[in-house]
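The values are calculated or read from the model by the stated rules, or taken from the named source; none is laboratory data. For clarity, every value in this text was computed on a predicted model and none was experimentally measured. Every residue, glycine among them, receives a Cβ derived from its backbone with ideal geometry; neighbour counts consider all protein chains shown.
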Amino acid sequence: MRSIYVMPFGAEVRPDGSVRFRLWAPAAKSVALYLEKSPHDYFPLTKLEGGWFELSTGAVGPGTRYRFQIDGERAVPDPASRFQPCDVHGPSEVVDSAAFDWSDNEWRGRTWEETVIYELHVGTFTPEGTFQGVERKLEYLKELGVTALELMPIADFAGTRNWGYDGVLPFAPDSSYGCPEDLKRLIQAAHSTGLMVFLDVVYNHFGPEGNYMRLYAPQFFTSRHHTPWGEAINFDGADGRTVRDFFIHNALYWLEEYHLDGLRLDAVHAIVDDSDPHFLTELAGVVRQRFEGERFVYLILENGDNAAHYLRRNLEGGPCWFDAQWNDDIHHALHVLTTGESDGYYSDYVGQPLRHLGRCLAEGFAYQGEYSEYHRAARGEPSSGLPPGAFISFVQNHDQVGNRAFGERLIRLAPARALRAALEVLLLAPSPPMLFMGEEFGAASPFLFFCDFEGDLAHAVTAGRRDEFARFAKFVSTRGLIPDPNAPETFRQSKLDWGELDQASHAQWLRFYRELLSLRQRLIVPLLRMTSGTRSEYRDFQNQGLVVEWEAGGTQLRLAANLGDEWLSSMTLQPRDTFYSSSPEAADASAHGRLPPWSVLWSLQS
């Protein structure tokens, strides 16, 4: 089976072997195709209406390296390049997408109820730091009990190491991870193993190095809106239609040409669009129409605004637009409970972390329009009418680990018994859980902020990173010790050490995760499939006890937990069929309305 996504941008190999080149360059007077071979060849593109330039030629083929020369002067890469073998400033390469022979034509994906996500960074997940390296770990991930890989952004970025959120060529997998065929082989192998693959995409800004669009298409950007990371994208101004199409085609391209199972849209609260329909709802509508009835395709949001309307369900209980959102609220509440930290955004959860946790488990968001002291504004929209599947839960992710000054994982910040209890809550609750690479074996390696810039930009990023923590008293004396993001050693320190699995303590953590995820698939997933309607409620006791009950299809799932350092008594617990307890002691004590410190019980009753 061959797959090629046809779009009005970039280089496309036609069935007759010719190649069509197309560029939107409304600020250019002329555009020529510049070939990298020696001596250099130039082919002028025909100027069309609306700022478009186009050329079809049989003089080039797959593997040809090319750039676009603007107004006879600057040669730039193709903004819709399918591959950049020599990084963001180098030539683009013509890719024959139909050359890859897919063998996953029977794959339809997996149901959302089964979803357990494993977020990973390709460059630090394995020693090789490549797509092939990830492929070699697929059986391990299947045995762990996850059902979906979520790759941090892979769009071509400057240098050889980056988190991925500085991408500037959104159609090109970064060459430091491998070629397009390597990524396709990884996805195909994942499907044959029974694993879905999601991709993190960034539609709110371009990275600071290697984006040439302002030279020939300044209409891509707007000064009417702003983002924390760079120029805002023009989704709602003059010429915004082509800009919107660029990103909508990007989403369809990844899903169709690469057979991906879903996309996670980064920080959509930074996508400012005053038009109707909003870019996000238009994109989701197009994707749903394209794949409806063909296979499962999922759309996930990261949205600091807790805008619940994007998660709205239709009359059949399916998503109108987006399937789910990363739930930062549940992370923050659990982090405060397990570590006692209160800096920054954690300050919003310090007063009643248990109540915030209970509300997340039963209703989705903790902040549903209430005033946030940290944000100094009301935050969120009502979410209690949405199903648990609309909220992705986690105790760690790349942001929450990597945005710490020293990239410490939770295992270094919280007592082991507190961390275990948090995971016993999260991994068996109805909402789909997400793991961050290495947490399942208690990885000791940090995940630091790293990049590979040069010159003034590199110095600015390093200084900015250290200034970011200047307001925290505990970093005053250690500010100069915060790792330099541009240092190769910072990247190397962030790689997982798979040799840790040979140590008993790390192997024990892995068994713990496997046990809980196996139990989830065996008992929780069938319950989630019973009905689209779930009723839930929560009660907290003495600032450390929590009971949450979900009812679906005539079956009641109940969590009873003591998330504190003292014994908890006087909990009203009706007899239930307990299928999981932190310890035999906890199960015995619960019969008398008592729970030991940091203990969790799960039960089912029909």
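Working only within segment 301-354, note down all residues that are within 20 Å of E113 (Cβ to Cβ), buried (at least 22 other Cβ atoms within 10 Å of the Cβ) and in contact with a Cys (Cβ under 7 Å, 6 or more places away or on another chain).
N327, I330
Give segment 201-232 a look and list any residue that's in a strand (DSSP E or B), surrounded by 18 or more Cβ atoms within 10 Å (Cβ to Cβ) and over 20 Å from the mean Cα position of the chain (by Cα), or say none.
Correct list: F221, T222, H225, E231, A232.
Yes/no matrix, rows are residues, columns are (1) surrounded by 21 or more Cβ atoms within 10 Å (Cβ to Cβ); (2) closer than 29 Å to V297 by Cβ; (3) free of Cβ contacts under 8 Å to residues at least 60 places away in the same chain:
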residue: F21; (1), (2), (3): yes, no, yes
residue: V31; (1), (2), (3): yes, no, no
residue: R65; (1), (2), (3): no, no, yes
residue: Q84; (1), (2), (3): yes, yes, no
residue: V94; (1), (2), (3): yes, yes, no
residue: A98; (1), (2), (3): no, yes, no
residue: E119; (1), (2), (3): yes, yes, no
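Can you tell me which residue within segment 1-27, out of those that are touching a Leu at 6+ places or on another chain (Cβ under 8 Å) and either modelled with pLDDT under 95 or in a loop (DSSP other than H, G, I, E, B) (or both), is nearest to D96 (Cα to Cα)?
Here the residue is Y5.
When the residues of segment 321-346 are filtered to those that are small (G, A, S) and modelled with pLDDT under 95, which remaining residue is nearest to the chain's Cα centre (by Cα)?
Only one residue tops the list, namely G344.
Can you pull out every residue in segment 290-336 that is within 25 Å of V395 (Cα to Cα), part of a helix (DSSP H, G or I) and not aliphatic (A, V, I, L, M)?
Hits for segment 290-336 are H309, Y310, D328, D329, H331, H332, H335.
Which pairs have Cβ atoms under 9 Å, sit 6 or more apart or on different chains, and link a residue in segment 506-522 that is under 16 Å from S581 (Cβ atoms) to one that is among the β-branched types (V, I, T)?
R520/V116
Looking at segment 415-422, is at least one residue over 21 Å from the mean Cα position of the chain (by Cα), in a loop (DSSP other than H, G, I, E, B) and surrounded by fewer than 21 Cβ atoms within 10 Å (Cβ to Cβ)?
The answer is yes; a qualifying residue exists.
Going by the conditions given, is D156 under 17 Å from the mean Cα position of the chain (by Cα), among the charged types (D, E, K, R) and either at pLDDT 95 or above or not assigned by TED's automatic domain parsing to the domain that holds I70 (or both)?
The answer is yes for D156.
For segment 267-289, how many residues meet the condition of being of a type in the set (D, E) and outside any loop (DSSP other than H, G, I, E, B)?
Summing the residues that are of a type in the set (D, E) and outside any loop (DSSP other than H, G, I, E, B) in segment 267-289 gives 1.
Of all residues in segment 140-195, count the ones that are among the β-branched types (V, I, T) and surrounded by fewer than 20 Cβ atoms within 10 Å (Cβ to Cβ).
Counting residues in segment 140-195 that are among the β-branched types (V, I, T) and surrounded by fewer than 20 Cβ atoms within 10 Å (Cβ to Cβ) gives 2.
If I ask for residues that are closer than 19 Å to S445 by Cβ and touching a residue at least 24 places away in the same chain (Cβ under 8 Å), which ones from segment 121-150 would you list?
Of everything in segment 121-150, those that are closer than 19 Å to S445 by Cβ and touching a residue at least 24 places away in the same chain (Cβ under 8 Å) turn out to be H121, V122, G123, T124, F125, T126, P127, G129, T130, V134, L141, L144.
Is it the case, given these coordinates, that Y298 is under 24 Å from E113 (Cα atoms), hydroxyl-bearing (S, T, Y), in contact (Cβ under 8 Å) with a residue 12 or more places away in the chain and crowded, with 17+ Cβ neighbours inside 10 Å?
Criteria met by Y298.
Just one of the numbered conditions (1) in contact (Cβ under 8 Å) with a residue 60 or more places away in the chain; (2) acidic (D, E); (3) farther than 30 Å from G389 by Cβ is not true of E73; which one?
Condition not satisfied by E73: (1).
Of the residues that sit in segment 48-63 and are in a strand (DSSP E or B) and either surrounded by fewer than 17 Cβ atoms within 10 Å (Cβ to Cβ) or not assigned by TED's automatic domain parsing to the domain that holds Y34 (or both), which one is nearest to the chain's Cα centre (by Cα)?
Filtering first and then ranking leaves E54.
Could you tell me how many of the residues in segment 568-606 are in a loop (DSSP other than H, G, I, E, B) and touching a strand residue (DSSP E or B) at 6+ places or on another chain (Cβ under 7 Å)?
10
May I ask you to list pairs of residues, at least six apart or on different chains, whose Cβ atoms are under 6 Å apart, with the first in segment 403-418 being among the β-branched types (V, I, T) and the second being surrounded by 19 or more Cβ atoms within 10 Å (Cβ to Cβ) and at pLDDT 95 or above?
Within 6 Å, the pairs are I411/G442.
Need pairs with beta-carbon distance below 8 Å; first residue more than 25 Å from V548 (Cα to Cα) and within segment 362-386, second small (G, A, S); sequence gap 6+ or separate chains.
Going by the 8 Å Cβ cut-off, the qualifying pairs are E373/S347; Y374/G344; Y374/S347; A378/G369; A378/S372.
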